[in-house]
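J.: What follows is a single structure, and I will ask about it in a moment.
The values are calculated or read from the model by the stated rules, or taken from the named source; none is laboratory data. From a predicted model like this one, the values you see are computed outputs, not experimental measurements. Here the Cβ positions follow ideal geometry from the backbone for every residue, glycine too, while neighbour counts run over all protein chains shown.
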Amino acid sequence: MTYDSENIFAKILRGEIPCDKVYEDAHALAFHDINPQAPVHILVIPKGAYVSMADFTASAPADLIAGFFRAVGQVAREAELEDAGYRILANAGADAHQEVPHLHIHIFGGKRLGPMLTR
Ligand code: AMP
């Protein structure tokens, strides 16, 4: 899948549309999901044009890959999810119902979560 620079997360990264930001550094931006599926539902996106985890890990520079994953951990810590637990998830492609073609990691927490897969 080629990267569409008009996707909604690209627009958020460029500051063209707002987000409810929870964290930002040189490598990543994190914000609350607009349609939360759990009491805590945060999205973390890398600062770069990558569609999926496969694209990102094949093409991104090592400092961005490291920085992005550090940011995911930092966001989970700052959301105080470490003790109770949380789930991270990244959808890729049609079978996983990826809606936004910019790599994003969902962080879910704040309650006892259901089964890992619903179907
Ligand atoms: P996915 O199905 O993994 O591509 O998930 C896309 C997620 O982005 C969904 O959970 C949406 O609720 C969320 N989303 C879409 N637009 C926005 C937005 N403008 N701000 C925050 N979250 C959004």
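J.: Among the candidates 84, 54, 94, 79, which residue alone is more than 16 Å from the ligand (Cβ to nearest atom) and among the hydrophobic types (A, V, I, L, M, F, W, C)?
T.: 84
J.: Right, here's the next one. In region 62-115, how many are in a loop (DSSP other than H, G, I, E, B) and more than 18 Å from residue 39 (Cβ to Cβ)?
T.: 12
J.: Okay, moving on. Being touching a residue at least 24 places away in the same chain (Cβ under 8 Å) and either touching a Phe, Trp or Tyr at 6+ places or on another chain (Cβ under 9 Å) or surrounded by 20 or more Cβ atoms within 10 Å (Cβ to Cβ) (or both) is the filter; apply it to region 53-71 and report the residue that is nearest to residue 86 (Cα to Cα).
T.: Of everything passing the filter in region 53-71, 71 is nearest to residue 86 (Cα to Cα).
J.: Here are some conditions: (1) within 13 Å of the ligand (Cβ to nearest atom); (2) at pLDDT 95 or above. Residue 1 meets all but one. Which one does it not meet?
T.: Among (1) within 13 Å of the ligand (Cβ to nearest atom); (2) at pLDDT 95 or above, residue 1 violates only (2).
J.: Shifting gears a bit: Return only the number of the condition from (1) modelled with pLDDT of 95 or more; (2) part of a loop (DSSP other than H, G, I, E, B); (3) more than 15 Å from residue 67 (Cβ to Cβ); (4) over 13 Å from the mean Cα position of the chain (by Cα) that residue 51 does not satisfy.
T.: (4)
J.: Looking at 25, 20 in this structure, which one is within 11 Å of the ligand (Cβ to nearest atom), touching a residue at least 12 places away in the same chain (Cβ under 8 Å) and surrounded by fewer than 19 Cβ atoms within 10 Å (Cβ to Cβ)?
T.: The match here is 20.
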